[in-house]
Structure formats: C-alpha cells, structure tokens
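The next block holds one structure in the form of structure tokens; read it before the comments.
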Amino acid sequence: MKPSSFENSFAEQDALYYSESAECAQDGFELSRRSFVKGLGAGLLLAVSYPALAQESGSRGRGGFLGSGAQNVAARIHLGSDGIITVLAGKVEGGQGARAELSQAAAEELGVPVSQVRMILADTDLVPDDGMTAGSGTTPRTVPAVRQGAATARKLLVEAACVQWKLVPTAVEMRGGKVVDESGGRSFTYADLAKDPVAARLFQQAIPSNVELIAVSEWKTMGTPVLRPNAESIVTGVHKYPSDVVRPGMLYGKVLRAPAYSAKLISVDPAAAKSMKDVVVVQDGVFTGVVAPTSFRARTALAALAGAAKWEPAPPQPSSIELFDYLRHNAEGGVPQNPFADELAQGKSIRQTYHVPYIQHAPLEPRTAVAEWSGGKLTVWTGSQNPFGIRRELASAFHLSEDQVRVVIQDFGGAFGGKHTAEYAVEAARLARAANKPVSLRWTREEEFTWAYFRPAAVIDAEASLNAQGKIATWHFININSGPNAVDTPYSVEKKDCRYVPSQPPLRHGSYRGLAATANNFAREVFMDELAAAAHADPLEFRLAHIENPRLRDVLEKAANEFHWKERAAKKASDVAVGMACGTEKGSYVAACVEVELDRQQKSLRVRHICEAFECGAIVNPANLLSQVQGGIIMGLGAALREEMQFQDGKILNASFGKYRVPRFQDMPELDVHLINRPDLASAGAGETPIIAVAPAIANAVFRATGVSVKTMPVRLV
C-alpha cells in the first residue's frame with residue numbers, strides 16, 4: 001500500500017490534511033452563462049463579465065483551502081427586477097445546512113425574508129471561490145463574507161435612493177427590504193435598484209471588510225430556525241443528487257481495479273469485453289476501463305476484463321493486526337521521549353498507550369461523477385466538498401486551463417470529510433474523452449470502502465504525574481500519525497509536552513469529521529479518568545480543578561447538571577455505569593455524559609443515554625445546529641462501538657455494510673442535547689466538535705464499571 005500524505009492544509013493546523021439548487025442546474029444541468037443571466041429574470045442589474053462573476057481569471061486558481069473570495073459585490077449578489085435576490089457562494093450543501101445558513105445570512109443583511117433569496121452554490125463557472133467546505137469553516141468564514149456582500153448591497157440601495165431623492169441617508173429608513181422616505185411617502189426596492197443604470201457600475205466595487213453588519217441583538221432571521229430552502233424537493237424525491245445526473249447520450253463507465261493495493265497490471269486481453277455490443281474498452285497506460293450503454297453491460301464487460309487481466313503480486317504489506325506496531329516503528333524521527341522523566345519519580349505517575357484504527361466515512365452516496373467534453377471544455381457534475389480543488393485537479397490532469405473546466409456540485413448527503421479529492425472525477429473524464437460521449441461513473445460500495453481514503457489511524461502515548469495535592473504536575477502526550485488537531489491539552493498544566501509525529505501510513509488517509517481531534521480527545525479524556533482514579537477524585541471534580549477556560553467549564557457543568565452526574569455517579573450497579581468527557585476544537589466546546597449498560601457474559605455493551613452540551617458562539621440556526629450535534633453524536637457512536645477497517649495482504653476484509661457496521665436504529669440511545677447560545681461571541685462551526693466527546697465518555701463508563709482501562713477504539717469489554 002503506497003503511503004500518502006494528508007491531502008490538504010486546513011488553515012494552519014487544518015493545513016495538514018485535507019439547489020433549492022438553481023432550478024436550471026437541477027433540471028437541465030446544462031447552465032450556460034447566457035441562460036444563467038436569463039434565469040435570474042429581466043432587469044438584472046449586472047452587465048458584468050463572467051470572469052468577474054466567478055473570479056478574475058488571474059486569481060481563480062489561488063484559493064486553496066480558504067479560497068480567494070468574491071472580488072466585488074457583483075460576484076456575490078445579483079438583483080432581479082422581480083425582486084428576487086440571487087446570492088452566490090462557493091460552498092457546497094452536503095447535508096450540513098449550508099444552504100439554509102447562507103440564505104439566512106444574506107436575508108438578514110439585505111433586510112428581506114429568506115423566501116426572497118435564491119442561493120446558487122458550488123458551480124465553478126458562476127460562483128466565487130470560497131474555499132473547501134471543510135474544517136467547520138462555513139460559519140466562521142463564509143457566513144461573514146456573505147453578510148458583508150449583502151450588507152454592501154443594502155448600503156448601495158440606501159445610497160441610490162438618497163441620490164434619486166436628493167436626501168441624506170439619515171433622512172430615510174430601511175424597512176421591510178426597502179428604503180422608505182416617510183416625509184415624501186416614497187419607497188425604493190431592490191427591484192428598483194436592478195433597473196437603475198448606475199447600479200451595474202456600483203456593484204463592480206470591492207466589498208469593504210468594514211461594512212457595518214446587523215448587530216446580533218437586532219437579528220430577525222439569523223438566530224431563528226429556518227428550514228433548508230429546498231427541503232420539499234428533498235422529501236418528495238424531486239431533488240437530483242449527483243448520481244441522478246443524466247446527460248443526452250450518456251454512457252456508463254467502470255474502471256478495472258487491482259486485486260490488492262500496490263499490485264501492478266502486467267497485461268489484459270480486451271477481446272471478450274470488446275466483443276460485447278456497444279462496449280468501448282479504454283486503455284490509457286495502466287488505466288483500464290469500459291464504457292457501455294447501461295450500467296449492467298458495463299459491469300459485465302468489466303468482469304470480462306478482470307478475468308483476462310494478469311497482475312504482478314503486491315509486495316508484503318502490514319495487516320490491521322500489525323498496524324499500530326508498524327506506525328510506531330515508522331514514526332518520522334522516532335518517538336520523542338518524555339522531557340519530564342526525571343520528575344516522574346517525585347509523585348504518582350501513569351503511562352498509557354492508546355490505539356485508534358482506520359475507519360471509513362461510509363457516505364450514503366458513494367463517489368460518483370458525470371463527465372462531458374464539448375468544444376474543448378470539460379464539465380463534471382459530482383458530489384464533492386472541494387469544487388475549485390476538483391477543478392484544479394482536472395485541469396492539471398488534462399493539461400487544460402482552469403477556464404476550460406467547469407465543476408458543478410449538486411446538493412448531496414453526507415461526505416464527512418471524505419470527498420475532497422478528484423480521482424473519480426478524473427476517471428469519469430478519461431472514460432468520457434475516450435468514448436467521445438458523456439459518461440457516468442459510480443463507485444460501488446466495495447470501491448468506496450477500499451479505494452477512498454480513510455480517517456488516519458493513531459498511536460498515542462500519554463504520560464503524566466500528580467503532585468501531592470492530586471493535581472497534574474507534568475503532562476507528556478504524543479500523537480503518532482493521525483495529526484495535530486486538538487493534540488494540546490485544554491487543561492491547566494504547568495509543565496506539558498504535546499506533539500504530533502508523522503508516520504508512514506500503510507493505508508491512504510485524509511480528512512474526516514473531527515479528523516485527529518477524534519483520536520486525541522479520546523486518548524486525553526480516557527487518560528484524565530485514569531488520573532482522576534489515581535488521585536481518588538471524582539472525574540467531574542478532577543476536570544474542573546484543571547479547567548481555566550470558562551467556556552469549557554460551562555459546557556462541562558451544563559452537561560453534568562442536566563445529566564444529574566453526582567446522583568447517577570453515586571449509584572453502584574454491576575451492569576450500569578456512567579462516564580463523561582469534554583473537549584474543544586474548531587473554536588467550539590463540547591461535553592458529554594453517558595449511561596452504559598454492560599452484559600459481561602456476552603462481553604457487549606449498550607449505550608442507553610447520552611447527554612451533550614455544546615457551545616459554538618452565537619447560534620445562527622438553532623434547528624440546524626441541533627441536527628448537526630445529533631448527527632455528530634450518532635457518527636461518534638459508530639466509531640466508539642464497532643467501526644474499524646480490517647485488512648490483510650493488501651486487501652480490505654470488511655468492504656461492505658454487512659461487515660462494516662455503522663450505527664443502526666437499534667443502537668440509538670436517548671439523546672439529550674443542550675445548546676448554549678453565546679450572542680456575545682462570534683459564531684464558530686459545528687460540524688465536527690460534537691463528535692469528539694462521545695467515544696471517551698463511553699470508554700470512561702466502561703472503566704468506571706470494570707476498573708479496566710480502555711486503550712483502544714472501538715470500545716470492547718474484555
């Protein structure tokens with residue numbers, strides 16, 4: 001298995017790894033620049049060139065993880081003479097609520113109802129590059145950018161009205177999405193502005209970073225529960241997901257895969273596949289695939305190719321059983337020693353090593369892409385969190401300028417950090433170029449489990465000592481392989497050494513919801529319970545004694561109080577136990593308390609109750625935030641209880657939902673979620689942090705019941 005580095009940089013630390021869709025895009029999929037303007041309605045105020053709309057050509061490829069943003073108001077906001085306001089953003093809707101949240105942000109600053117806003121997302125020919133939809137970045141970065149663009153449009157509306165009426169801004173009032181002159185009985189709307197011949201020039205100006213935004217205390221739309229704008233099309237089955245895209249004359253493709261990682265193709269006889277009606281065999285170096293009129297015939301032709309292929313056996317590779325020894329042995333520069341080793345003998349000390357396996361993202365919709373070549377331009381419809389990154393990869397793969405590549409992302413459901421890279425889009429484009437027709441490529445579930453990248457595995461060494469007062473004196477914490485996110489402890493420790501050490505991973509790994517924070521928080525919070533036991537202290541009191549951050553303290557106390565920790569922890573039962581954990585990541589804070597039922601005879605456990613408190617600053621959409629937290633808890637439950645990749649001899653052994661078991665309905669505990677609103681603080685993202693406290697809280701409940709430290713995810717009784 002070829003080692004791989006983390007795909008992207010999540011802004012500094014994250015930098016290590018990693019509609020309603022526009023109806024015309026949903027229904028026709030071929031959205032030309034002319035039809036886009038036409039679709040926005042007569043009287044569109046902008047007569048802008050589309051390089052300005054989607055970014056000036058010289059800067060379009062420079063965005064990376066953060067994106068280059070909108071270059072002017074026109075690149076963000078479009079007004080129609082019918083009063084509909086179209087907002088453009090480079091983020092994607094992958095089930096996390098970006099469409100609703102961004103619509104709210106625009107509506108708030110424009111002073112109009114959400115129903116008056118149309119949001120176009122993630123079409124690289126139409127929208128600004130707002131960076132990847134990753135790292136919980138939409139709320140803290142793109143929401144402010146959309147608000148600034150909308151607030152600038154509102155300011156221009158006021159200024160245009162005042163020029164027309166020969167009044168100063170203080171003489172008019174913004175009310176109900178229009179400028180009102182009470183003295184003259186006049187009003188001026190966005191539809192009026194769309195017809196103003198001066199407006200197009202005004203909208204070419206850059207968006208000022210210091211434009212005045214609506215204060216949180218005055219929010220009318222933000223801070224309220226707003227449904228996803230295209231919710232009806234989702235629940236009625238009208239919405240088209242990436243795998244629903246159909247193009248005229250479209251064919252279906254399949255790619256020949258190696259029987260094991262690192263196996264090399266020696267030869268393949270295409271005769272049997274070529275003899276099938278209307279089948280095209282594509283051979284481009286080692287890349288081999290088939291294209292056919294139906295997906296069934298494509299699968300049949302691929303089977304014929306596979307039967308006629310000869311492979312050079314892969315070299316010996318480590319198995320999942322050998323994984324953690326392999327990572328430690330291949331740690332770059334070796335594993336650092338504890339700089340406080342001499343002080344360990346002065347007090348009580350504990351040392352543990354924790355293991356976190358590879359797991360898969362397991363999206364409902366496996367990777368899929370439709371590629372079409374026309375007039376020297378490549379268009380790809382796909383599901384990805386990284387539209388402009390996909391465009392860059394496609395342009396590079398086919399030696400095109402980025403202006404010759406268009407990527408269109410339909411709203412899709414759940415990628416969990418797993419759809420950042422373009423391999424399947426490149427495969428579809430290679431097949432389409434050879435067939436000279438549009439081609440749909442859909443990975444199977446087995447391909448998804450095998451060839452998509454994994455959440456990084458980790459080996460984590462933790463060593464600490466306690467002073468005479470039972471407080472942590474020294475702290476040594478080393479993450480091998482999975483990353484630096486949340487590697488530093490949020491607890492108050494005078495002497496600490498927290499580091500991340502890269503290794504040479506045997507499997508391809510990359511981004512994941514919570515990424516390395518899932519591993520680091522698991523190890524740290526389990527270790528904290530062991531230290532509390534060594535200090536003969538209650539886990540809650542032990543944590544509180546080491547917390548100076550008031551936000552972390554608040555969520556921990558909230559979860560403990562709502563869970564009735566003290567009362568439940570005082571109860572002694574052989575088959576029921578409670579546990580807790582807390583943490584911070586991506587600027588938000590979480591704490592969880594759980595109740596677990598143990599079946600010692602069957603060596604199984606069932607989580608009966610999870611109480612989680614979560615705080616991410618000012619809440620933009622409480623209903624969507626609740627869904628995000630609930631989703632994070634459920635996802636964390638799977639990784640805590642069962643999920644882990646098993647592999648041997650370069651082959652994945654559990655590449656199906658039958659063998660790789662994500663949470664089922666029967667696994668669901670009672671969920672008790674408490675959102676803490678902090679309108680005095682900037683809004684942070686909520687897509688990742690809710691997951692990180694689940695597994696350690698469960699592990700700590702098992703430790704509390706059995707006295708046996710849990711050192712590995714998933715949690716098992718021994």
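Remarks
- In Hz, Karplus ³J(HN,Hα) per residue of the stretch 435-449 (6.51, -1.76, 1.60; θ = phi - 60°; x = Gly, Pro): 7, 6, 8, x, 10, 9, 10, 10, 5, 7, 4, 5, 5, 4, 6
- Note on Asp497 and Glu218: the model spin-label points, each 7 Å out from Cα along the C-beta direction, lie 5.4 nm apart.
- Beta bridges by DSSP in the stretch 358-471, antiparallel share as percent, to the nearest 5: 70
- Length added when fully stretched, Arg175-Asp325, from 0.36 nm per residue minus Cα-Cα: 47.4 nm
- Dipole moment magnitude, nearest 20 debye, the stretch 548-639 about Cα centre, only Lys, Arg, Asp, Glu C-beta charged: 260
- Burial ordering of His239, His546, fewest other beta-carbon atoms within 10 Å first: His546, His239
- Applied to the stretch 222-229, the Karplus parametrisation 6.51 cos²θ - 1.76 cosθ + 1.60 on θ = phi - 60° returns per-residue 3J(HN,Hα) values of 5, x, 10, x, 10, 6, 4, x Hz, with x for Gly and Pro.
- Fraction of beta bridges assigned by DSSP in the stretch 448-512 that are antiparallel (%, nearest 5): 50
- Net charge dipole size for the chain [Lys, Arg +1 and Asp, Glu -1 on Cβ; Debye, nearest 20]: 1480
- Note on the chain: antiparallel DSSP beta bridges, both residues inside, total approximately 70 percent of the bridges counted.
- Each residue in Trp381, Trp311, Trp565 was given a count of other beta-carbon atoms within 10 angstrom of its own, and listing them fewest first yields Trp311, Trp565, Trp381.
- The stretch 255-319, Rg to Rh (Cα coordinates; Rh as Kirkwood inverse mean 1/r): 1.03
- Measuring max minus min along each principal axis, the C-alpha atoms of the stretch 424-472 give extents of 76, 18, 13 Å (largest first).
- Think of it as helices only: each DSSP H run of n ≥ 4 in the chain is worth -39500 (n - 2.57), and spread over all residues that comes to -8000 deg cm²/dmol at 222 nm.
- By the compact-protein rule of thumb, 2.2 N^0.38 Å, the alpha-carbon radius of gyration of the stretch 546-593 corresponds to a ratio of 1.28.
- In terms of its alpha-carbon gyration tensor, the stretch 513-706 comes out oblate; a/c meets the 1.5 threshold, while b/c is at least as large as a/b.
- For the stretch 379-491, radius of gyration divided by Kirkwood radius, i.e. Rg to Rh on alpha-carbons: 1.23
- All Cα-Cα separations within the stretch 504-610 were binned at 5 Å from zero, giving a P(r) of 2, 10, 18, 21, 20, 13, 9, 5, 2, 0, each value a whole percent of the pairs.
- Each residue of the stretch 111-123 is assigned a 3J(HN,Hα), and the resulting list reads x, 10, x, 4, 4, 8, 9, 10, 10, 10, 10, 6, 10 Hz, derived from the Karplus form 6.51 cos²θ - 1.76 cosθ + 1.60 (θ = phi - 60°), x at Gly and Pro.
- Put in line by how crowded their Cβ is, counting other Cβ atoms within 10 Å and starting with the fewest, His78, His361, His355 read His355, His361, His78.
- Euclidean distance between Cα centres, the stretch 416-444 to the stretch 140-215, Å: 43
- Pairwise label distance in nanometres, Asp269 with Asn467, each label 7 Å out on the Cα-Cβ vector: 7.8
- In the structure shown, the pairs Lys348/Lys495; Lys558/Lys586; Lys264/Lys310; Lys274/Lys651; Lys277/Lys437; Lys471/Lys496 are assessed against 18 Å; a Cα-Cα span above that value is assigned to Lys558/Lys586; Lys274/Lys651.
- Using only alpha-carbon positions in the chain, the gyration tensor eigenvalues give semi-axes of 44, 37, 21 Å once each is multiplied by 5 and square-rooted (largest first).
- A quarter of the convex hull surface defined by the alpha-carbon atoms of the stretch 412-566 gives 12.9 nm² as the mean projection.
- Based on alpha carbons, the Rg and Dmax found for the stretch 215-366 are 27.0, 79 Å.
- Long-range HN-HN contacts of Arg406 with modeled amide H, under 5 Å: Leu378, Thr379, Val380
Quick note: the coordinates plus some simple rules give every number you see, no bench work behind them. Everything quoted here is computed from the prediction, not taken from an experiment. All Cβ positions, even for glycine, are placed from backbone atoms using ideal geometry, and neighbour counts span all protein chains on display.
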